[in-house]
Each structure stands twice: as C-alpha cells, then as structure tokens.
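**Student:** Pasting a structure here, questions to come.
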Amino acid sequence: MTFPSSTATDAAAESADTAGAAGSGSAVVGRSPGQLMWRRFRRDKTGVVSAFIVLAFFLIALLAPVIAALYGKDPYTTYGQNQPGLLNDFGYPIAPNGGMSGDFWFGLEPGLGRDVFTQLVYGIRTSLSIAIVVTVITTVIGVAMGITSGYLGGKTDYVIGRVIDTLLAFPSQLFLIVFLPVVEAAIVLPEEETPVWLRYVSICVVLTVLGWATIARLLRAQVLSLRAREFVEAARVTGASPARVIFKELLPNLWTPIIIQSTLALPLYVGAEAGLGFLGVGMTEPTPDWGRMFQVGVNVYHSDVTYLLFPGVSMLIFVVAFNLLGDSIRDAFDPKTKR
Amino acid sequence: MTSYLVRRVAGALVILMIISAITFYLFYAVPRDPARAFCGKICQPETLALIRHNLGMDEPLFVQYWHWLAGIFTGREFVQFGECPAPCLGYSFATQEPVFGAIVDRFPVTLSLTLGASVVILAFGIMTGMIAAWKVGQPLDKIASASSVVGASLQIYFVGPLLAFYLVDTLQLIPRPSYVPITENPLDWFTHLLLPWVVLSIIFTANYTRMTRSQMVEQLAEDYVRTARAKGMSSRSVFFRFAWRGAMIPIVTIFGVDLATLLGGAIITEQTFSLHGIGELAVRAVQNTDLPMLLGVTIVGAAAIVLLNILVDVLYAFIDPRVRLS
C-alpha cells in the first residue's frame, strides 16, 4: 500500500542505526539506548500527552462492554424506532443537536435510531483491532522480506525489489476495493450472505497484501547499508551462520526503524479501514464501525450534521495523537532528526 | 529523448500486461464459479448460461486471456448482449454495457478532479512550505507546521461533508459540488469542482508544506547558496531564484509516487460528493460484484498511473538540468 510518503521517516531510518551509538558516549553513567530513549521521551510533553490519549483510546476499546453496561445502552437496539418521541417522521432526531440528551449523550443515529455513544465506543474496537492485526502482520512480513532481500541480494533482491516497486506504484485504494470481492468470491457464492468474520479476515488480508511493501523497502535499504559495515563482516569472517548474523547482528540495529514505521502505519490503517466502511465495502451491519458511521453521516449531513461530528472528531483526535506520538518516539530514538 | 520515451512506454506496456494477466487470473480462477460471479448479485439463469458460453469457459485460461487481450484491438461480440467495439475491455453483464464505454464516459470527471487537486496541492503546499522556510522559527513557521500535522490527519469523508454543510448549505458561498463539462461552461466547471479540489488536496497539501520547508532549509545550507550570497546576491533573490529549484527536485519525485494515492483519494472524494467518476463506478461495481467492470477499471487505473509516472520523469528533466534522460 502506498501512503503519502514521509521523507522524514526515511531520514530518521537512515540515521537510525547510529542511534544506539549516539547516546553511549555522552552519558557519564552507562545507560542502554533504550533507557536513553525513555528519558528523552519522558521529557517530551507533546509525546507524553499523545501517549495518554492513545492509551485512553485503547482502554475504551478494551472496556467497551463495561462502558456500555454502565451507560445502560447497547449499539444494536434501535431506540429511536422502539420509543416514540425520539425521531420525527423523516427519521431525524427531534431533540436539537442530533438528539443529544441525558439519556443519549451523543444523540441518535438518524433513520435507525441507534445510540451514537455506544456505536462510537464499539466502533473503536473494529477499527483498532483491524489496524493492529494488519500492522503486526505487515511489519512481520515486511521485515522478513526486507531483510531477505537486502541480505541475500542478487536475483532474490531483484525479484522482491520489483514486486515492492509494483505494489507501491499502484492505486492501492482502488486495488483494495477491487480485490475484496475477489477474496470473498473465492469462498462465498454470490447469492450467499458474507459472514462477518470472513469480511473481517478478507479486509485484513487485502490490507496486508497491499501494505507490507512500504516497510520492506525501508528495511531493505537499511540492511543493504548495514551489511557492508565492519561488524557484520567481522561476524561473517568468524564463521557466524546467516541466522546468527540476521538475528544477533542485523535485527538489533533495525528495531528503531521497525518501531517508528509501525507506529506511523497504525493510524493509516485505521483510516484505510474506515475508508472501506465509508465506501460500503468494509464491515457489514450490524458490527459497529466508524467507516459506516461516516457513510451514514455523509447522507444525512444536510439535516443532521451532529451525527457526522462525533466519529469525525474522535478519529481526528486519535490520528493526530498517534501521529504526534510517532514523531515523539522517532525524536526520542534519534534526537538528531529534528523536524 | 525520443528513444527514452519509446523505451519507457514499452516498459509500461510490459508492466500493464503483467498486471492485467495477474488480475485476469485472480478474477477467473479464484472465484468458485466465475460465470456466477461475473453475472453479479442480480442474476437470471438464462444470463448465466449465456455468460458461460460467452466466456468460453471450456477453453484453457490463457486462451480466455488471449481473447480478452485481442478484444482490446479487434473488439468482441457478445451474443444476445451486444457489440463491444474495438477497445473492448470486456462487457459488464450487470449493467449491460461495454466496460470501456462506461469508463470513457466517466473519465473527464476523475481527470478534472485529480488534475485540479494536483494544482491546488502543488501551488498551496509549496507556497506555505516556502513561507515557513522563509520565516524559520517564527510564529508563521510554527502555525504552518502545526496545521500540517492536523491537515495530514484529516479524513476526506469528514472534512468534505463538513465544509459542504457550512459553505454550501449554511452560507451558500459556493454551488453544490457536481460535474459540469468544461466545454459547456468553464466557470461552472470551476466553481462546482472547487470544494472537491480543496477537500481532496487538504491531506496532501500538509505533507508538501512539510517537505518543501525541510527541503528549503536544507538547500539554504548548501555551498552554492553561500557562494551566491558571498557574491552579493540578496537573500530574497537567492531564496526565490536559486534555492527553490533545488528544493523542487525531490518534491516532484515524491509527487510522482503520490499520484497513485491521489487517485485513491479521488475515489473517496467522488463518493463523498456523489460525483459520477471512475471511483464511483468502481465502488458500484464492487457492491454488485461486477467483475468485468472491476477488471477494466483496474487496468485503466494502472495505465493512468504508469503513464503519469513517465510524464513526471520527463518533467523532472525540465526542472533539473543535471538530470539526463537516457
């Protein structure tokens, strides 16, 4: 998958292998690079605040059933249709601001009349879990492919390199929506209803297939430069096996770009998943999903703009916080790259 | 230059062949019953039988691919469905029309949308980036940097309807977004697409602001800038006549890469404002599992990206005289 490329990330990654060496000289007391990173990170106010916001989102996602139970509503019941006096004849909430009230904190969904607050809380689970799964798998595949490509070189490198180039050069959003029906058509007949778990899996598969190339390209470049360094040559001369060179010599120097890259990738996948939901090819009803909330929001904004605001603002806060956190982690690992 | 272009176009054709072969294989070989899948969600039994026959499914897969490929040049005849004239990318059984015609009909919309957005992105992104670099460390720079963080985190399907609500519904400053052909009324074309352009470019502009700023700052530290200053050139002239040229080179490269993402953004923008472009066509085809249409849209999308990338590389040589196309 191609995302608007961040040159800053590449720059950070290029000098990332020096991050470990950068700290050790300056400190009087011996500190590990990890400790130094942690110290730098704690001093970064933006980073700490963003970390707390991100943590809050994760907690809300985890505790969604608890929150819903305390609040006394669920995201599936069509309150507006069950109780008279909540929605008008056109299906819009009667109370001002999208039906916000003591009973329905964030109002009601136009049409079906479901509770917006619980939908939002449960929706985080869908987006976040897909984003986490995809980030983890793309990172593992990307790291494996990148290291293989960079370490082996030659024909393997050429083949993997061309595959990466092709994947990055093509309209991934288009491929994303095009290949979803194909993945599903492989398992489900067109007249059958797609089960929820299958949709979940196929979204993850398609996002992964189109997403691993970014991190693979980055790591390939890293490994290419590391491979030529003396310490790797020394290890090889002393007879270390390829596995030992990769896991003991190369990987420890690659953690920084891996962590930075995956932190920056996660909010992009949250956006991509919501984008699929918005286009009507994401998670299906009745699974609460932010993307589908946007889809409804776009249809009703003329009459009820409030409904759009909640998922929009929540997502904005989450993505901004996560991006700032990613920047702070990068700065903490590698203080030389100042934006 | 000519030989370079010929080679690049030849390479592009090879890539498109590979892409089409892979996509074709996926579409025909993966679904359990391709004919059933090709028929779409609403499928009559007689249509199904016809599709089976028309697809030539008794033939090996590569023969079927060959028919599809040959159809681009010779056209194909789909018995009882209709003619599919020369550039035939297949026939959509769900909408009962040739795929190529449907794409051509919608092409101007997507083209207008992406081209206009590109202009906004480059003009606005580079301008704000230059301002930020000119005033490094000053409030204006900080505002530009902060807004670029927020801008890059915005979503088209959130900003789009929000701006439409305030600018179109409430304040009535601009007309509701729609597509008016430029040949019909250039002014209407412009005003009706203004909002989609702005919305599509917001997420990208932020990125270009940041890149332009860091590139300019980097360029200003270069030796040639110091030489120019030492010879008595004013810092304004150095900034606007020397440094920006160097800064533009990586920007153009990255813009070439971002074109693919921009097309993806166009799909969401079209859906947000109900513009009947290629993206909207693709989304509808997905909802109907209209595989022939999707195959055609994929190939056309890939072709557009490949061609635009060649164009960007040529543009590159004009900006940077050091680049020799060979």
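**Student:** Take B:Pro250 and decide whether it is surrounded by 15 or more Cβ atoms within 10 Å (Cβ to Cβ), in contact with a strand residue (DSSP E or B) (Cβ under 7 Å, 6 or more places away or on another chain) and in a helix (DSSP H, G or I). Steps first, answer last, please.
**Tutor:** On the way: surrounded by 15 or more Cβ atoms within 10 Å (Cβ to Cβ): yes; in contact with a strand residue (DSSP E or B) (Cβ under 7 Å, 6 or more places away or on another chain): no; in a helix (DSSP H, G or I): yes.
Against the criterion (surrounded by 15 or more Cβ atoms within 10 Å (Cβ to Cβ), in contact with a strand residue (DSSP E or B) (Cβ under 7 Å, 6 or more places away or on another chain) and in a helix (DSSP H, G or I)), B:Pro250 does not qualify.
For every residue, the table says whether it meets (1) part of a loop (DSSP other than H, G, I, E, B); (2) crowded, with 20+ Cβ neighbours inside 10 Å; (3) in the same structural domain as B:Leu308 (by TED's automatic domain parsing).
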{"residue": "B:Thr227", "(1), (2), (3)": "no, no, yes"}
{"residue": "B:Met233", "(1), (2), (3)": "yes, no, yes"}
{"residue": "B:Phe240", "(1), (2), (3)": "no, no, yes"}
{"residue": "B:Arg245", "(1), (2), (3)": "no, no, yes"}
{"residue": "B:Ala266", "(1), (2), (3)": "no, yes, yes"}
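**Student:** Here is a further query. How about the range B:164-183: which of its residues are of a type outside the set (Phe, Trp, Tyr), surrounded by 14 or more Cβ atoms within 10 Å (Cβ to Cβ) and out of contact with any helix residue (DSSP H, G or I) (no Cβ under 6 Å at 6 or more places or on another chain)?
**Tutor:** B:Ala164, B:Leu167, B:Val168, B:Asp169
**Student:** Further question on the same structure: Quick one: in the range A:275-297, of everything that is at pLDDT 85 or above and among the aliphatic types (A, V, I, L, M), which residue is nearest to A:Ile203 (Cα to Cα)?
**Tutor:** So, considering only residues that are at pLDDT 85 or above and among the aliphatic types (A, V, I, L, M), the one nearest to A:Ile203 (Cα to Cα) is A:Leu276.
**Student:** Okay, next question. For the list (1) crowded, with 22+ Cβ neighbours inside 10 Å; (2) in contact (Cβ under 8 Å) with a residue 60 or more places away in the chain, I need the number of the one condition that A:Ile132 fails.
**Tutor:** If we test A:Ile132 against (1) crowded, with 22+ Cβ neighbours inside 10 Å; (2) in contact (Cβ under 8 Å) with a residue 60 or more places away in the chain, just (1) comes out false.
Here's the yes/no breakdown for (1) more than 24 Å from B:Phe27 (Cβ to Cβ); (2) facing chain A (nearest Cβ under 8 Å); (3) without any contact (Cβ under 8 Å) to a residue 60 or more places away in the chain:
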site: B:Ala228; (1), (2), (3): yes, no, yes
site: B:Met233; (1), (2), (3): yes, no, yes
site: B:Arg245; (1), (2), (3): yes, no, no
site: B:Ile251; (1), (2), (3): yes, no, no
site: B:Asp258; (1), (2), (3): yes, yes, yes
site: B:Ile268; (1), (2), (3): no, yes, no
site: B:Ala302; (1), (2), (3): no, yes, no
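**Student:** Inspect the range B:70-83 for any residue being touching a Lys or Arg at 6+ places or on another chain (Cβ under 9 Å), assigned to a strand (DSSP E or B) and modelled with pLDDT under 75 and give the result as yes or no. Reasoning before the result, please.
**Tutor:** In the first step, residues of the range B:70-83 are kept if they are touching a Lys or Arg at 6+ places or on another chain (Cβ under 9 Å); the result is B:70, B:83.
Checking the rest, the ones that are also assigned to a strand (DSSP E or B) come to B:83.
Narrowing the set further to residues that are modelled with pLDDT under 75 leaves B:83.
Yes: the range B:70-83 contains one or more residues that are touching a Lys or Arg at 6+ places or on another chain (Cβ under 9 Å), assigned to a strand (DSSP E or B) and modelled with pLDDT under 75.
**Student:** Among the numbered criteria (1) farther than 16 Å from A:Tyr307 by Cα; (2) buried (at least 20 other Cβ atoms within 10 Å of the Cβ); (3) free of Cβ contacts under 8 Å to residues at least 40 places away in the same chain; (4) not charged (D, E, K, R), which one does A:Gly113 miss?
**Tutor:** Only one criterion in (1) farther than 16 Å from A:Tyr307 by Cα; (2) buried (at least 20 other Cβ atoms within 10 Å of the Cβ); (3) free of Cβ contacts under 8 Å to residues at least 40 places away in the same chain; (4) not charged (D, E, K, R) is unmet by A:Gly113, namely (1).
**Student:** Ok, one more. If I filter the range A:206-265 down to residues being surrounded by fewer than 17 Cβ atoms within 10 Å (Cβ to Cβ) and of a type in the set (Val, Ile, Thr), which single residue comes out as farthest from A:Leu167 (Cα to Cα)?
**Tutor:** A:Thr238
**Student:** Against the conditions (1) of a type outside the set (S, T, N, Q); (2) crowded, with 23+ Cβ neighbours inside 10 Å; (3) closer than 13 Å to A:Asp289 by Cβ, where does A:Arg125 fall short? Just the number, please.
**Tutor:** Status for A:Arg125: all satisfied but (2).
**Student:** For B:Val119, state whether it is outside any helix (DSSP H, G or I), surrounded by fewer than 17 Cβ atoms within 10 Å (Cβ to Cβ) and of a type in the set (Val, Ile, Thr).
**Tutor:** Working: outside any helix (DSSP H, G or I): no; surrounded by fewer than 17 Cβ atoms within 10 Å (Cβ to Cβ): yes; of a type in the set (Val, Ile, Thr): yes.
Considered against the rule, which asks whether it is outside any helix (DSSP H, G or I), surrounded by fewer than 17 Cβ atoms within 10 Å (Cβ to Cβ) and of a type in the set (Val, Ile, Thr), B:Val119 comes out as no.
**Student:** How many residues are at the interface with chain A (Cβ under 10 Å from one of its Cβ atoms), under 17 Å from A:Ser172 (Cα atoms) and either crowded, with 24+ Cβ neighbours inside 10 Å or in contact (Cβ under 8 Å) with a residue 40 or more places away in the chain (or both) when one looks only at the range B:271-285?
**Tutor:** The total comes to 6.
The values are calculated or read from the model by the stated rules, or taken from the named source; none is laboratory data. Remember, predicted model here, so these are calculated numbers, not experimental data. Heads up, the Cβs are rebuilt from the backbone with ideal geometry, glycines too, and the neighbour counts pull from every protein chain shown.
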